[in-house]
1. Among helices (runs of 4 or more DSSP H) lying entirely in the range A:159-210, which contain 3 or more residues that are crowded, with 24+ Cβ neighbours inside 10 Å?
2. Out of the residues in the range A:298-317 that are surrounded by fewer than 17 Cβ atoms within 10 Å (Cβ to Cβ) and touching a residue at least 12 places away in the same chain (Cβ under 8 Å), which is nearest to the other protein chains (Cβ to nearest Cβ)?
3. Is the range A:222-230 home to any residue that is at pLDDT 95 or above, more than 13 Å from the chain's Cα centre (by Cα) and within 26 Å of residue B:154 (Cβ to Cβ)?
4. Before we move on, is residue B:117 more than 21 Å from residue A:223 (Cα to Cα), buried (at least 24 other Cβ atoms within 10 Å of the Cβ) and within 13 Å of chain A (Cβ to nearest Cβ)?
5. Would you call residue B:195 more than 10 Å from chain A (Cβ to nearest Cβ), crowded, with 21+ Cβ neighbours inside 10 Å and over 22 Å from residue A:185 (Cβ atoms)?
6. Going through the range A:222-242 one residue at a time, which ones are within 9 Å of another protein chain (Cβ to nearest Cβ) and over 14 Å from residue B:178 (Cβ atoms)?
7. Tally up the residues in the range B:142-173 that are surrounded by fewer than 24 Cβ atoms within 10 Å (Cβ to Cβ) and either in a strand (DSSP E or B) or within 12 Å of the chain's Cα centre (by Cα) (or both), please.
8. Go through the range B:253-264 residue by residue and tally those that are at the interface with chain A (Cβ under 10 Å from one of its Cβ atoms) and either more than 14 Å from residue A:168 (Cα to Cα) or surrounded by 17 or more Cβ atoms within 10 Å (Cβ to Cβ) (or both).
């Protein structure tokens with residue numbers, strides 16, 4: 001990996017590097033390369049279109065996990081003013097794999113919660129690589145209940161490979177913490193908008209992902225299991241991850257088609273990591289619009305609509321004259 | 001399989017027979033044939049005896065897995081069970097490779113259309129809504145239909161105001177339905193919110209094993225959570241932990257006793273006492289007996 005580029009991006013990155021070199025040459029040596037630059041730029045543009053309009057599911061997984069992909073705090077910094085981070089679950093400790101706090105969204109207070117990976121090894125260790133522990137989910141819930149109390153809407157950013165799977169997490173009730181959040185988020189009396197910004201790793205993602213509107217960034221993924229895990233279980237070979245990524249239907253387009261999410265937020269071409277500001281601007285636009293719509297709804301209607309969304313999810317084959325409650329006559 | 005409680009158990013009263021050679025590990029189902037050797041204490045047992053004993057080893061108390069139908073037979077009063085939503089079936093919503101074959105094989109093996117059986121029943125005269133999962137059906141995994149049937153059961157309990165008992169045993173969300181399986185966690189948890197609003201009690205019974213997506217949704221949300229002895233009860237099972245974080249686990253971690261100790265299970269109840277405990281809980285929650293027809 002050079003400049004943090006992924007294998008499939010390399011030709012483009014190399015081309016861009018040559019253009020930059022020619023530009024520098026032009027200014028330093030005063031030789032006119034403008035024709036060459038123009039032709040290379042055209043080539044780069046068509047290559048860009050070619051690469052990014054035909055991404056495979058696995059390539060999107062790689063983009064979602066891109067080492068330079070903007071993380072929750074990158075979005076929080078750009079979207080909210082006067083953000084104050086609040087810490088701890090008031091029970092065990094502060095889990096840095098989840099950040100949360102209060103900020104102003106166009107002047108209105110909002111509670112913000114995000115799963116947070118690290119930018120480097122040291123930060124990743126402090127944040128357990130963005131794998132939350134139960135106390136992370138409990139902190140998130142505490143902040144959501146606080147938001148409910150003060151009638152602030154909640155915005156969550158989802159970006160985790162999954163809830164931490166380890167002995168300590170078990171001892172402190174990882175399953176209970178996730179279940180509790182699903183239960184409480186389904187009933188929370190303020191609007192919730194969730195955005196999958198990177199990896200939506202199974203229950204660990206869903207635990208802050210039950211909302212009135214759920215969006216995915218174009219190159220984010222959201223899945224019941226990682227492609228590697230799926231391939232290992234099904235085909236006993238984690239290397240078949242690309243096939244598993246296809247089979248799992250984990251892209252934003254897949255989830256929109258399945259009715260799980262409400263919309264896709266397009267990324268700057270080449271991915272959100274190419275332009276943090278523009279990516280954040282697009283996320284903000286969608287969050288602002290959603291909250292404007294949701295804030296007009298009475299609480300009961302808000303909750304009823306949220307329930308109805310989750311209630312209908314799933315694919316069930318009903319024989320023609322089936323009615324629930326019918327006796328089994330087999 | 002040695003567990004903490006084994007330390008306090010009397011020596012087996014039966015003659016134990018050592019296998020002539022180390023055999024491959026057998027599944028923890030009861031194999032065919034008249035006799036079997038207990039997987040746990042190695043006592044040689046008459047198969048009928050184990051069945052009569054609710055599939056608990058009469059010698060060591062080891063709890064074998066129980067199918068959904070058999071569980072309902074064990075818990076419901078004779079002829080009181082009225083199944084609903086029996087004809088809901090799974091499609092292949094994300095065209096997952098070989099899913100239909102897998103479903104067909106599971107149906108063939110279990111005689112069930114899907115991995116959970118739900119209905120109305122009476123238990124010692126107490127009316128209830130009863131759901132029993134079947135681990136034999138693709139590892140008790142929760143896809144759309146399991147999620148839908150559990151949700152319908154919860155909604156029915158809220159509607160008719162009868163206590164809800166769910167016997168949960170599952171490896172988690174069903175991979176073959178992708179994200180739709182994950183969403184069943186949210187769906188069932190949301191429905192339980194409605195049930196709680198109606199103040200109708202929900203008793204979760206965790207049977208071996210109960211892990212991942214099911215444990216991280218409705219199975220952890222009982223007003224009272226009962227686990228069977230020695231059951232694996234966890235978010236991430238021992239194998240997942242070994243693979244992902246390469247942690248070594250102390251013996252007995254992930255079992256009911258461990259979860260009881262750490263405060264995530266209300267009580268551990270021997271299967272032979274389960275009916276009695278549940279009916280006691282019904283009475284304590286003000287449920288009244290119905291007169292048998």
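The values are calculated or read from the model by the stated rules, or taken from the named source; none is laboratory data. Note that the structure is predicted; figures quoted are calculated from it, not measured. Note that we place each Cβ from the backbone using ideal geometry, even for glycine, and neighbour counts take in every protein chain shown.
1. Working: elements: A:167-171, A:174-187, A:202-206.
Ranges flagged: A:174-187, A:202-206.
2. Filtering first and then ranking leaves A:312.
3. Yes - at least one qualifying residue is present in the range A:222-230.
4. On the way: more than 21 Å from residue A:223 (Cα to Cα): yes; buried (at least 24 other Cβ atoms within 10 Å of the Cβ): yes; within 13 Å of chain A (Cβ to nearest Cβ): yes.
Yes, satisfied.
5. Working: more than 10 Å from chain A (Cβ to nearest Cβ): yes; crowded, with 21+ Cβ neighbours inside 10 Å: yes; over 22 Å from residue A:185 (Cβ atoms): no.
Against the criterion (more than 10 Å from chain A (Cβ to nearest Cβ), crowded, with 21+ Cβ neighbours inside 10 Å and over 22 Å from residue A:185 (Cβ atoms)), residue B:195 does not qualify.
6. Going residue by residue through the range A:222-242, those that are within 9 Å of another protein chain (Cβ to nearest Cβ) are A:222-225, A:229-230, A:232-234.
Within the range A:222-242, A:232 is the sole residue that qualifies.
7. Number satisfying all stated conditions: 1.
8. Initial filter on the range B:253-264 (at the interface with chain A (Cβ under 10 Å from one of its Cβ atoms)): B:253-254, B:258-259, B:261-264.
Cutting the leftovers down to either more than 14 Å from residue A:168 (Cα to Cα) or surrounded by 17 or more Cβ atoms within 10 Å (Cβ to Cβ) (or both) gives us B:253-254, B:258-259, B:264.
Qualifying residue count, the range B:253-264: 5.
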